[in-house]
Amino acid sequence: MAFSVIGFSLIQLVGEYLFTQRSRDDQRIADSLAESFSDYLVAFDARSMYEAAQETARAQQSRVLVLDGLCVVQVDTASELNGQRFITAEIDSVLKGSAGEYGFYDAGNGSGSYWLRSALNGFSGVNAMTGVYASPIMSGGELSGVLVYISQVQEIYESLRDIQLRILSWMAIVATAVLVINLLVLRTITRPIGELNEGISRMSKGDLSARVRVRGNNEFAGLARAFNSMSERLEQLDKSRSQFVSNASHELKTPLSTMKILIETLMYQDPPDPGMTKEFLGDVNKEIDRLNRIVSDLLTLVNIDNGMKLNAAELDIGNLVQEQVKRLSPLARENGIELDCAAKEPLEVSGDALKLQQVVYNIIDNAIKYTPRGGEVHCSVARSGRKAVIRVADTGVGIPEEDLPHIFDRFYRVDKARSRETGGTGLGLSIVKQFVLLHGGTIDAKSAPGKGSTFVIELPLAEKKS
């Protein structure tokens, strides 16, 4: 629609310009002739007027008529209307005082008055549009006659028609190009949107494996990548949740099954054996303690996942580590393990004392549990830039290379049988890592089978108060 309005407006402007320019040229020629014919008409010098009019008619391919004050033709370059009265609307306007009047006529359909049709039919070469200009011939301030200048303007129409055809052709080409581009752009936009909508629909139905194709490197490609990343993360979370529920169920089921067997054995024992009863009840008590630890660790993880808040305060991390070493020293002596700690300087960190105590306690406790008698566990606290670095190194059994990337996963055990013997739930290191992350720190482990393990914890130092 906009193209049509612009095209027709342009055609109209071009047409107006062409006709205006032509009417000005014809007016200039007619006015010039009228001025030169003033003396000839007063002197009735028809020969001179004819020769001058004929020269102009040949040069401009036009027809010139000179009328006296009674509108009788004195000169006709076509030599057809001489002596006849000739009147048109343009001439009538000049007789009434107009300085000049211009009109366009279609010679092909016989438009205009009788006299004008006679003039146009006698105009050699005219087949359609003709311009008629009437200019007054003045003598001494009085109207002495009228000069009628008839010119062909068919070429203007033909030029305008050619321009119109060109504009319409270009409009058609542009409109087609715009339509094709719109279809391509629309397809480019709607296809990724449709695929994204389909992916969202699949996800809403529970299919978390839904992915969309990434095309190019534009905004839609970025949106597709973000969707794929989100769906992949959700799928991983769903698998992790399922695995977590499975592992938790398994961990809870094992002590419950053990207690059930022990209790059923006592129930069907006849007569009861006091020694066995006491032993089995002691085993039941241990399994209950184990259940309590599992439930406690599960609740801790749930609180972390729900956004656990820290009771942060500034504390000396070196003192905290030394306190945990002192606390675990009896256990180390009992297992025949040498345990020591080196803290070179006071290092202030901002953190939750109870949670950091649990972190350090769990790491040292694990080192003691998995170090054979006669081994060593060394702890150290040192500064590294704007961080406090805690190292716990042991000479224990070590961790296989394939297991090392998973030791912080929930319920993951390197040696499941041995872990249960030591009372582990498979959640300790996962809780440790989450607590370290809550403090803005990092934890890493390096190990090799038979060569021991080293855990490194980095915590940001507290900002100094000015």
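Side notes on the structure shown:
- Scanning region 47-94 for residues that are in a helix (DSSP H, G or I) and open to solvent by less than 50 Å² (accessible area, probe 1.4 Å) yields a total of 11.
- Boolean, L339 is outside any loop (DSSP other than H, G, I, E, B) and in contact with a helix residue (DSSP H, G or I) (Cβ under 6 Å, 6 or more places away or on another chain): yes
- Per the conditions (1) loosely packed, with under 12 Cβ neighbours inside 10 Å; (2) touching a residue at least 12 places away in the same chain (Cβ under 8 Å), the sole criterion not satisfied by R290 is (1).
- Where a residue in region 163-179 is surrounded by 12 or more Cβ atoms within 10 Å (Cβ to Cβ) and its partner, wherever it lies, is in a helix (DSSP H, G or I) and not β-branched (V, I, T), with Cβ under 7 Å and at least six apart: I167/G7; I167/L10; L168/G7; M171/F3; M171/G7; V174/F3; A175/F3
Conditions (1) of a type in the set (G, A, S); (2) at pLDDT 90 or above; (3) more than 27 Å from V245 (Cβ to Cβ), marked per residue:
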{"residue": "V377", "(1), (2), (3)": "no, yes, yes"}
{"residue": "R386", "(1), (2), (3)": "no, yes, yes"}
{"residue": "G423", "(1), (2), (3)": "yes, no, no"}
{"residue": "L429", "(1), (2), (3)": "no, no, no"}
{"residue": "V436", "(1), (2), (3)": "no, yes, no"}
{"residue": "T454", "(1), (2), (3)": "no, yes, yes"}
{"residue": "E463", "(1), (2), (3)": "no, no, yes"}
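- Search result, residues across region 374-397 that are β-branched (V, I, T), free of Cβ contacts under 8 Å to residues at least 60 places away in the same chain and either open to solvent by 10 Å² or more (accessible area, probe 1.4 Å) or outside any strand (DSSP E or B) (or both): T395, V397
- Enumeration of residues in region 33-46 that are part of a helix (DSSP H, G or I) and open to solvent by 70 Å² or more (accessible area, probe 1.4 Å): E35, D39, Y40, V42
- Against the numbered list (1) modelled with pLDDT of 65 or more; (2) buried (at least 21 other Cβ atoms within 10 Å of the Cβ), S159 comes up short only at (2).
- Restricting attention to region 173-214, the residues that are more than 27 Å from L237 (Cβ to Cβ) and modelled with pLDDT under 75 add up to 7.
- Subset of region 298-312 that is within 18 Å of S350 (Cα to Cα) and either among the aliphatic types (A, V, I, L, M) or more than 39 Å from the chain's Cα centre (by Cα) (or both) - its residue that is surrounded by the fewest Cβ atoms within 10 Å (Cβ to Cβ): N311
- Which numbered condition F227 fails, given (1) aromatic (F, W, Y); (2) modelled with pLDDT of 70 or more; (3) within 21 Å of G426 (Cβ to Cβ): (3)
- Tally, over region 123-156, of residues that are of a type in the set (D, E, K, R) and at pLDDT 80 or above: 1
- Close Cβ contacts (under 8 Å, 6 or more residues apart or on different chains) running from residues in region 65-84 that are under 14 Å from L33 (Cβ atoms) to residues that are open to solvent by less than 70 Å² (accessible area, probe 1.4 Å) and in a loop (DSSP other than H, G, I, E, B) comprise L65/T77; L65/L81; L65/F86; L67/F86.
- Residue check for V295: in contact with a strand residue (DSSP E or B) (Cβ under 8 Å, 6 or more places away or on another chain) and either in contact (Cβ under 8 Å) with a residue 12 or more places away in the chain or over 19 Å from E264 (Cα atoms) (or both): no
The values are calculated or read from the model by the stated rules, or taken from the named source; none is laboratory data. From a predicted model like this one, the values you see are computed outputs, not experimental measurements. With ideal geometry, Cβ positions are generated from the backbone for all residues, glycine too; neighbour counts draw on all protein chains shown. Surface areas here come from the heavy atoms of the whole protein model, side chains and all, with no ligands, DNA or RNA. Shrake-Rupley method; radii C 1.70, N 1.55, O 1.52, S 1.80 Å.
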